[in-house]
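Notes for the one structure printed next.
All of the numbers you see were taken from the coordinates with simple rules; none came from a lab. Note that the coordinates shown come from a computational prediction; the quantities given were computed from them, not determined experimentally.
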Amino acid sequence: MTTRDAAPPLARSGRRFDPRWWQICCLSGLLTYGLFWLSFDVPAVQVAATIGTALGVQWILTRALKIPTFEWKSALISGLGLCFLFRSNEWWLAAVTASIAIGSKFFIRWNGKHIWNPTNFALALLMLVTERAWVSPGQWGSGPTLAYAMACAGGFVVNRSARSDTSIAFIGAYAAILVGRSLWLGEPMTIPFHRLENGALMIFTFHMISDPKTTPNTRLGRILYASLVAAGAAFVSFMLFRPNGPIWALAALSPLVPLIDHLLPGSQYEWKRPTTGHARKGTEHEPMDGRSRDFAPGGAVGAARA
């Protein structure tokens with residue numbers, strides 16, 4: 001019996017379990033933990049408005065643009081991500097933010113890919129245009145046990161979606177910058193380690209920057225991109241003295257992805273057939289016309305990682 005004959009039916013068909021299911025389970029569990037154990041200051045009406053609006057806008061735009069498949073999983077992931085990070089005293093602003101996040105998936109695109117991670121785009125835009133919206137990075141605390149648990153859960157998700165290289169490159173580069181800065185300033189190592197023991201940083205690392213539909217197509221491109229975002233996050237935090245450095249850096253540097261894809265071409269990602277981007281066009285990993293499956297019949301309408 002050959003290796004090909006011995007392969008399981010799932011591998012022979014080239015189809016794999018949609019990793020968004022893992023992400024939904026992971027994010028739902030973390031949100032439940034935050035609401036009931038850590039007592040997040042998020043009213044139930046805001047959670048309902050965020051998730052309900054995300055699903056509703058996804059459905060409306062799917063019907064309006066005559067897209068054959070209503071991809072509720074991507075919308076739910078966007079809604080869960082906003083429930084984690086977005087804060088406001090006005091619940092209706094959460095609905096506006098969710099609308100912007102979902103709308104950006106449909107209308108802000110280049111070559112079949114999102115330019116910005118939807119959740120990142122909506123958060124950055126709302127914080128820019130109004131002082132009534134903010135991100136609460138400290139709500140998770142800084143306990144090493146929680147950070148470790150979130151890293152493990154998030155690592156499982158990105159591994160299923162073939163984007164663990166992005167997360168590893170970002171957190172490795174960011175940790176190196178933090179440690180190097182502390183060594184240069186003569187600070188004790190407890191300071192950079194404390195900064196890394198942050199739940200919000202783990203959410204960003206494993207559920208936002210690792211978005212397969214907004215990262216470069218090749219592994220080399222993703223490592224370069226993640227390293228640039230890490231450097232940008234440090235610049236925002238230590239040179240501009242602003243909080244939420246990773247979120248601002250990702251929003252500012254996301255437009256570089258089309259350039260990186262042009263310089264380092266590779267196959268685009270498909271949710272139901274995750275690849276690392278090394279397959280060439282015309283193989284089983286990518287449609288012959290090179291387009292994303294987002295607007296193809298039965299394709300997935302974008303990824304909304306948080």
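Each residue of segment 219-231 is assigned a 3J(HN,Hα), and the resulting list reads 4, 4, x, 5, 5, 4, 4, 4, 5, 5, 5, 4, 5 Hz, derived from the Karplus form 6.51 cos²θ - 1.76 cosθ + 1.60 (θ = phi - 60°), x at Gly and Pro. Sequence-ordered 3J(HN,Hα) estimates for segment 85-90 from the Karplus curve with 6.51, -1.76 and 1.60 and θ = phi - 60° stand at 10, 6, 9, 6, 7, 10 Hz, glycine and proline given as x.
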